[in-house]
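Everything on this sheet refers to the single structure shown next.
The values are calculated or read from the model by the stated rules, or taken from the named source; none is laboratory data. Since this is a predicted model, take the numbers as computed values, not measurements. Every residue, glycine as well, gets a Cβ built from its backbone with ideal geometry; the counts of neighbours run over all protein chains shown. Surface areas here come from the heavy atoms of the whole protein model, side chains and all, with no ligands, DNA or RNA. Shrake-Rupley method; radii C 1.70, N 1.55, O 1.52, S 1.80 Å.
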Amino acid sequence: MISVNNVRAGYGDGPDILQGINLNAAGGEIVTILGPNGCGKSTLLKCIAGFVRPRGGAVEMEGCDVSAVPVHDKIRHHLMGFVPQTDNVFSTLSVADNIMLGARYMPAAERNARYAELMAQYPSLASKQERKASALSGGERQILSLARALISKPRVLLLDEPSAGLSPMMMHEVFAAIAEIRDRTGMCIVTVEQNAFEALGVADRAYVLSLGKVAIEGRAADLLADPAMRHLYLGGKPPVVESRPPFAAVN
Amino acid sequence: MVEFLVHVAIMACLYGLLSLSLNLQVGFAGLVNFGQVILFGCGTYGAAIAFSHQLGPVAGIALGIVFAVIVAAAFARLGRNLGADYWGIATLAVAEVLRILANNEAWLAGGAQGVGGIPLLFGDMPRPMGPLMTLGLCVALLLAAWWLCQRLTTSRYGLALKLMREEPQLAASLGYDLAALKTQTLMVAAVLAAASGFVFAHYITFVGPDQLVSSETFLIWAMVIIGGSGNHLGAIVGAILMQFLFAFVPFVKDALGLPSEHVAAMRLTLVGGGLLAFLIWRTQGLIPEHVGGKQNG
Ligand SMILES: Nc1ncnc2c1ncn2[C@@H]1O[C@H](COP(=O)(O)OP(=O)(O)O)[C@@H](O)[C@H]1O
Ligand SMILES: [Mg+2]
C-alpha cells in the first residue's frame, strides 16, 4: 500500500533530516513510527503525505510513485487522510462542521449517510455535535480529528501522535479506536508515536528512527521484547541485557 | 463647497475600493501586502498607456486589469518560497522597483513627467453634472465591490480562507490548496485596486509615478486597521473617515492660523497618530471582525 524507498528529505537548505529511509505498510495493518523527540518522525509522515518533497528516493502508494503528487490531489481522490501532530481541529467551528470538512469531495447524500454512521460509532462526539471544537477535551479532539479523516473512507490513514498529551485512559480509548478502524475497514494506517510501549500494544509493526535512519524495525510483539528497545525507551533503567548495544537490531 | 464635498466623496470611494481590496488580502487571506499601491498603479497606468496610444477607456481598463493580474501572479509566485513576513517586504520591494521603472522609462508613460490630459469620464457633461456622475460611478463601483467581497467571504471560498488563516497546516492536510487560494484572492484584490486606479486616472486626468509612493500603501493600511481588518464595512468606513478628516485639515489649519506647509505634516500626524492609537487601544478597529457565525462545510 505504502512503500518508502530510500527517501532523503529535509527543510529548505537545511541538512537531510531523513537519510535514506525504507518503510512499508500494507492494507489492514497499523505501522507505527517511533523514536526520540526531533528525530524526524513527523518529517517522515509529512514526506509520505506529500507536504515535504523527498530530495531523493520515492514514496509509493498503491504501487504508484506519489512523491510529486500534491497533498490536495490525494485528499480529493480519497486516497489519503492525514491528521497533523498539533492543532488538529478548527477550534472556532462546531464538531459537526469540523467533521464535514473531511467530506467536501463527496456527494451530499453519501456525506450525510457517512456522518450518521460516524455519530453512531463515536457517541462521545454525537452528544456534542453543535459544540465548538474548542470546548472538547484532548481525547475528544483526537477522536474528532480521526472522524474527520475517516468520513471520506480514505485507503491510507496517516496519524501524527494521536495519543500526545492524553491521560492513560484516553490514550487507551484512542488506540482502541484506531485498532477498531483497522479491523473494520482494512485501511493502511501509519502512526507516529512517542509512547512507544503503549503504541506497540496496538501496532502490527514498527520502525524506530534514530539520527535520520531506521535503527530498529520489526513486528510490534518482537520489539516489545527487544532489550534494545527497553534501553532506548526506559532511559533511566539499565537495559535488561547489557551485552547488546542499542541500534544494533536493524533486520 | 458642494463641489469640494463631491470631490472628497469621490476620493473616499476610490480609497474605499483600495481599502476593501487590501482588507480582502490582509483581513481574510492573511496576506500582508505592503505593495498595495502598485495594484492601484496598474489601473492608473492602464489608463495612461491606453490614452497615450489613442486607445479608448475600454482598452484602458482592460490593460489595467491585465497588468493587475500579472502583478498579482508575480506576488503569488513570490509567496511560494517566502514566509509571510518576508513576503510582505518582497511586495514592498516589487512595488518600489515598478515605481522606479515607471519613473525612469520615459517611453512607458512619460517617465517622471507622467501623462497628462487624460479625458474625464463624463467630460462632455456640464460642470456640476460631470463630477456628480463620476461620484455615482464611484459609489456604484464601491457597492459592487462590497457586494462581491461579501459574497466571496461568506461562501465556501470564504470558509476556506478563514481555515487557511486559522490553521494553515491543518487546512492543507484537509486538501485545501493554499497556494491557489492565495493566488485567487490576490487576483480579485488586484482587479478591485486597478479599477480604483483607472477611475482615479480619468478623474484627476493625470498619471505619474509620484502617485505610487509607498506612503500611499501605508495610508491604505491605516484605513484598514482603523476601520477594523476582517470586516468589509470597517474597511469602507475607515477609508471614508480618513478622507473626510484629511479634507478638513486645511480648515483646522486656517482656524489655528498655521502656515500652509503644515497641512501635509498634519495629515501625516493624523495617519500615524490614528494608527498608533488604534493599535494600542482598539486593535479590532472601529467595526470589529465578525467572529463565529454560521458556517457550512
Ligand atoms: N518546518 C520545518 N523547518 C525546518 N526544520 C524543521 C521543520 N520541521 C521540523 N524541523 C526539524 O526537523 C527535525 C525533525 O523534526 P520532526 O520531524 O518534527 O521530529 P519528531 O516528529 O520526530 O519530533 C528537527 O530537528 C526539527 O527541528
Ligand atoms: Mg513530531
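In the assembled protein chains, B:Arg77 presents an accessible area of approximately 130 Å² (probe radius 1.4 Å).
Relative contact order, whole percent, for segment B:73-163 stands at 9, derived from Cα pairs under 8 Å and 6 or more residues apart. Against the main long axis of the alpha-carbon atoms of chain B, helix B:232-256 sits at an angle near 40°. Close amide H contacts of A:Arg8 (hydrogens built in the peptide plane, cut-off under 5 Å, sequence separation of 5 or more or a different chain): A:Gly20, A:Ile21, A:Arg55, A:Gly56, A:Gly57.
Working note: Karplus 6.51/-1.76/1.60 with θ = phi - 60° gives segment B:171-183 the couplings 4, 5, 6, 9, x, 6, 8, 4, 4, 5, 4, 5, 4 Hz, where Gly and Pro are set to x. Backbone amide hydrogens, once placed in the peptide plane, bring A:Val52 within less than 5 Å of A:Cys47, excluding anything fewer than 5 places away on its chain.
Under 5 Å between amide hydrogens, built in the peptide plane, is the criterion, and for A:Ser210 it picks out A:Ala215 among residues at least 5 positions away or on other chains. Our coupling estimate for segment B:69-80, obtained by passing each phi through the Karplus curve with A = 6.51, B = -1.76, C = 1.60 and θ = phi - 60°, is 5, 5, 5, 4, 5, 5, 4, 5, 4, 4, x, 5 Hz, Gly and Pro reported as x.
How big is the antiparallel share of DSSP beta bridges in the protein assembly as shown, given as a percent to the nearest 5? Present the calculation step by step, with values, prior to reporting the outcome.
Values: 22 of 39 bridges.
So the antiparallel bridges amount to about 55 percent of the total.
Over every Cα atom in segment A:36-80, the radius of gyration and the widest Cα-Cα span, Dmax, amount to 11.0, 34 Å. Near B:Leu24, once Lys and Arg are set to +1 and Asp and Glu to -1 for all other residues with Cβ below 14 Å from its Cβ, the sum equals +3. Taking only the C-alpha atoms of segment A:43-182, the Rg (one decimal) and the largest Cα-Cα distance, Dmax (whole number), read 15.3, 47 Å. If you wrap the Cα atoms of segment B:173-229 in a convex hull and average its projected area over all directions, you get 5.6 nm². Here the translational diffusion coefficient of the protein assembly as shown follows from Stokes-Einstein with Rh set to the Kirkwood radius across Cα pairs; for 37 °C and 0.692 mPa s it amounts to 123 µm²/s.
Rg over Rh for segment B:59-134 works out to 1.14, both radii taken from alpha-carbon positions and Rh defined as the Kirkwood radius.
Please label the shape of segment B:2-212 as rounded, prolate or oblate, based on the square roots a ≥ b ≥ c of the eigenvalues of the alpha-carbon gyration tensor (a/c under 1.5 means rounded; beyond that, a/b larger than b/c means prolate, else oblate). Oblate, because a/c is 1.5 or more while a/b does not exceed b/c.
A simple count of charges around A:Thr185, restricted to other residues whose Cβ falls under 15 Å of its Cβ and scoring Lys, Arg +1 and Asp, Glu -1, yields 0. Summarising the overall dimensions of segment A:2-249 from its C-alpha atoms, the Rg and Dmax are 18.2, 61 angstrom. Computed with a 1.4 Å probe on the full set of protein chains, the accessible area for A:Phe51 sits at about 60 Å². Based on the alpha-carbon gyration tensor of segment B:183-264 and its eigenvalue square roots a ≥ b ≥ c, which shape applies: rounded if a/c is under 1.5, prolate if not and a/b is larger than b/c, or oblate? Since a/c reaches 1.5 but b/c is at least a/b, the shape of segment B:183-264 is classed as oblate.
Using a 1.4 angstrom probe on the protein heavy atoms only, could you order A:Glu198, A:Glu161 from most to least accessible area?
Correct descending sequence by accessible area is A:Glu198, A:Glu161.
Calculate for chain A the 222 nm mean residue ellipticity that helices alone would give, adding -39,500 (n - 2.57) per DSSP H run of length 4 or more and normalising by residue count, nearest 500 deg cm²/dmol. Counting only the DSSP helices, I get -10000 deg cm²/dmol.
Taken about its Cα centre, segment A:2-249 carries a charge dipole of about 340 debye when Lys and Arg each add +1 at the Cβ and Asp and Glu each add -1 at the Cβ. Per-residue ellipticity at 222 nm, computed for chain B from helices alone with -39500 (n - 2.57) per DSSP H run of at least four residues, works out to -25000 deg cm²/dmol. As a length-normalised measure over Cα pairs under 8 Å and 6 or more apart, the relative contact order of chain B settles at 33 percent. Listed as lacking a disulfide-compatible partner in chain B: B:Cys42, B:Cys149, by the criterion of no other cysteine Cβ under 4.7 Å. Of A:Tyr11, A:Tyr115, the order by accessible heavy-atom surface (1.4 Å probe, DNA, RNA and ligands excluded), from most exposed downward, is A:Tyr11, A:Tyr115. Solvent-accessible surface of the protein assembly as shown, averaged per residue with a 1.4 angstrom probe and all protein chains in place: 43 square angstrom. The figure for A:Met170 is an accessible area of roughly 40 square angstrom, using a 1.4 Å probe on the protein chains alone. Go through A:Tyr105, A:Pro154, A:Leu211 and say which Cα lies farthest out towards the positive end of the charge dipole of chain A; charges sit on Cβ, +1 for Lys and Arg, -1 for Asp and Glu. So the residue furthest toward the plus end is A:Tyr105. Positive contributions from Lys and Arg (+1) and negative ones from Asp and Glu (-1), summed over other residues with Cβ under 12 Å from the Cβ of B:Arg99, come out at -4. Taking all Cα-Cα distances within segment B:1-86, those exceeding 22 Å account for 40%. If you roll a 1.4 angstrom probe over the protein chains with everything in place, what fraction of the accessible area of segment B:2-212 belongs to carbon and sulfur, to the nearest %? Carbon plus sulfur share of accessible area: 71 percent. Scalar couplings 3J(HN,Hα) for segment B:191-208, obtained by applying the Karplus form with A = 6.51, B = -1.76, C = 1.60 to θ = phi - 60°, are 5, 4, 5, 5, 4, 4, x, 4, 5, 4, 4, 7, 9, 6, 6, 9, 10, x Hz; x denotes Gly and Pro. Residues A:Arg76, A:Arg114, B:Arg99, ordered by accessible area of protein heavy atoms at a 1.4 angstrom probe radius and largest first, appear as A:Arg76, B:Arg99, A:Arg114.
Helix A:168-185 axis versus longest C-alpha principal axis of chain A: approximately 80°, rounded to the nearest ten.
Dividing the mean sequence gap of close Cα pairs (under 8 Å, 6+ apart) by how many residues segment A:2-249 holds gives a relative contact order of 25 percent. Pick out which of B:Gly56, B:Gly64, B:Gly208 has the largest mean-square fluctuation in a Gaussian network model of chain B, springs linking Cα atoms closer than 10 Å. In this elastic network of chain B, the residue with the biggest mean-square fluctuation among B:Gly56, B:Gly64, B:Gly208 is B:Gly56. Would you mind telling me which residue in B:Ser229, B:Ser214, B:Ser21 has the biggest mean-square fluctuation in a Gaussian network model of chain B, where springs connect alpha carbons within a distance under 10 angstrom? Among B:Ser229, B:Ser214, B:Ser21, the largest mean-square fluctuation in the Gaussian network model of chain B belongs to B:Ser214.
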